[in-house]
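Let me begin by presenting the structure, written as structure tokens, before commenting on it.
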Amino acid sequence: MRKCSILVLLFLTGTVIRAQTWRPLGPPGGDVRSLAVDSSRPGRLFLGAADGHIFGSEDSGAHWTLLGRVSTRFDEVVTAIVTDPRNAKVLFASAWTRDSAAGGGVFRSDDGGRTWLDAGLSGQSVRALAMAPSDPDVLVAGTLDGAYRSLNASKSWERISPEHHEELRNFDSLAIDPRDPQTIYAGTFHLPWKTTDGGRNWRPIHEGMIDDSDVMSLLIDGAKTGRIYASACSGIYRSDNGAAQWRKIQGIPYTARRTYAITQDPQDPASVYAATSEGLWKTSDGGMTWRRTTPQSWVVNAVVVAGSQPRRVLIGTEQLGVLSSDDGGEQFQDANDGFYHRQILALALDAARPGRILAVLAHAPEPILATDDDGKSWEPLGPGLRTEQMLRVYASPGGWWASLAHGGLMRYDAQEKVWQNAGMVIGEAASATAAATQRSRRSKSPYLSRGEKLNSSPRPLQLIVTDMAFSSDRWYAATEIGLLVSADRGATWDLKPIGPLTTLPVHSVRVSPDGERIWIVSLRGLVFSTDGGRSWAWHDLPLKSGGAVSLDVDPEDESTMISIAHNGLYVSHDAGNTWLQAASGLPDTPVQGFAIAGPVFLASMSTGGLFVSSDSGRTWVRVPGTLADGFFPAVTTQSDSSVIFAASATEGLYAVEWSGPAAASVTPARPPRD
């Protein structure tokens, strides 16, 4: 039984807002950037993601919970997490941002990772963070600019590397001697360094190491004094004399030498694990011999050993999320329960079968997944269709369909379990397609040559389909040459005239279940029909809207319409005769998606965040909370449903349910974040 991630009560002045429950539907997994074990509680784990999110587990990774985000930025890559052994609620995290101008910093949480505050080095790209085992007040951070130290648990920082030093910059890894906090080992993009006096003096420690080795990880052996491991782009090295001399460890092939992290089993010091770009490697004899224990295709970014009995090895990967092993890393199984960090690009709901959902993912081993049980389980949906090909996906009465970015449609053959090209254009649609092809060949000239004839014979549908809609007996497709209609479940398509116009470009289409009412968005405006397309009426948005992009109709009240325009969101309560811009509380930024669930309107913004209205779009408030702050490429709902499905660009899919009215209160809307 899944627990709801967050329960949020929203209120507006003079307006009743309903309670919202966010229910995660998956798919589970995603990219992991860092893992950490609580030094005082070995079964307590933390996970850092590439968007600043921190997840936690209290049972050695069996279950995960989204705790919070280290900052307000969505591009904050969490490089390290450390815990204070004196207080389980105190955590520190380091991060850098993909926007190099923004930097990153060190962040602190005093409530177990749920809320975070800037803890120093703001604007610095912090690639490494370490806490002194013998003095938890001592923190050392490595940045692209140099090394910094705090002696008071992040209250203040001091530079401990020379400013503008040619080599002591671009820090990538750190380790502090467990007995002496003054002794610090540091790995840079070039070679490693060491100080024994807290940074007053540094000396290079690369004897025996190949020059120009990016030292990505450093590990001080917990059992043998003076033994240190270092991973670099040139391989894995071991020193038995405090880094005075390094010896390259053999056994890991050249292609797997991008070793991102090394860790040791505290209860079995001879067992050391190396997370590499080509799987996890293990040595059981202190590095004398190594062998790979996972598939070569796995990119492993982090590895930790957690728990007591049994000891559990956990790895954080690209695409596959978290995997765990209870037999010393020999066999791994999925450990993503509660870790939902998939990037959803597109979403489709089956109107005839609630709980049946199709999701298109980015950066995933299986880009197209479907669930028939409301997210309890997900299955890959066959070969034949690649993510980069897709424009949109649809749930038709005949199954799953996809429109392609370069033109055409594909349908999923459930019996053959494969995606196949589908659809033929006939009649005037074939003629118009031929004309469009000929114009393209003549540098888009709109005229035919003298004596040139159009070919009206059936041909494969290769037009770009920007939208589809389905009634009980007709399917519709919006294309560059006009509105296509099919009476045979997508097998053949012909043009549907829109008044006297046949080849009017169409961007968006909606249709009532009985097919009598059709609403389209064209280059020239909004066009509606109430008699199955026999006659049409034109409607216009205000001039300042910049023109409509898409249109939604409230299934419970068709007189209520919402149009996403180039310059905002517009609402009509009289079937499109008059329009008002939804501006009270809604930021002046483009709207990315829109959904209606009964009296609740939800808008996702292209700049991030969700805004909700409970009074048919008159006033809006930003949805607060860790989840709602993200980007949502798709928000949608099913007819006669109070549930909105919000597809996140980072956190997977959530069902947002609205229940009874909340008690009256007043909470002002938060301003949109930059």
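Tabulated values for the structure
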item: Gained length - Ile464 relative to Asp488, 0.36 nm times residue gap less alpha-carbon distance; result: 6.6 nm
item: 0 to 90° range, to nearest 10: angle between helix 427-441 axis and the chain longest Cα axis; result: 60 degrees
item: Furthest towards positive pole of dipole, Gly103, Val90, Phe74, structure part the range 43-107, Cβ charges; result: Val90
item: The chain, relative contact order [Cα under 8 Å, separation at least 6], %; result: 10 percent
item: For Val549, distant residues with modelled amide H under 5 Å away; result: Ile564, Ala565, His566
item: Full-extension gain in nm, Arg386 to Ser297, via 0.36 nm per residue minus C-alpha separation; result: 30.1 nm
item: Environment charge at Arg86 (Cβ cut-off 12 Å; Lys +1, Arg +1, Asp -1, Glu -1); result: -3
item: Carbon/sulfur fraction of accessible area - the chain, other protein chains in place, 1.4 Å, %; result: 50 percent
item: Protection proxy ranking, peptides 93-101, 350-358, average beta carbon neighbours within 10 Å, highest first; result: 93-101, 350-358
item: Relative contact order for the range 114-153, counting Cα pairs under 8 Å that sit 6 or more residues apart, in percent; result: 31 percent
item: Per-residue [θ]222 nm for the chain (sum of -39500 (n - 2.57) over DSSP H runs n ≥ 4, rounded to 500); result: -500 deg cm²/dmol
item: The range 278-349: radius of gyration over Cα atoms, expressed as a fraction of 2.2 N^0.38 Å; result: 1.30
item: Per-residue ³J(HN,Hα) for the range 561-575, Karplus 6.51 cos²θ - 1.76 cosθ + 1.60, θ = phi - 60°, Hz, x for Gly and Pro; result: 10, 10, 10, 7, 10, 5, 10, x, 10, 10, 10, 10, 10, 9, 6
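The values are calculated or read from the model by the stated rules, or taken from the named source; none is laboratory data. Bear in mind that the values here come from a model prediction, so they are computed numbers and not experimental data. Note that we place each Cβ from the backbone using ideal geometry, even for glycine, and neighbour counts take in every protein chain shown. Surface accessibility is based on the protein's heavy atoms, side chains included, excluding ligands, DNA and RNA. Shrake-Rupley method; radii C 1.70, N 1.55, O 1.52, S 1.80 Å.
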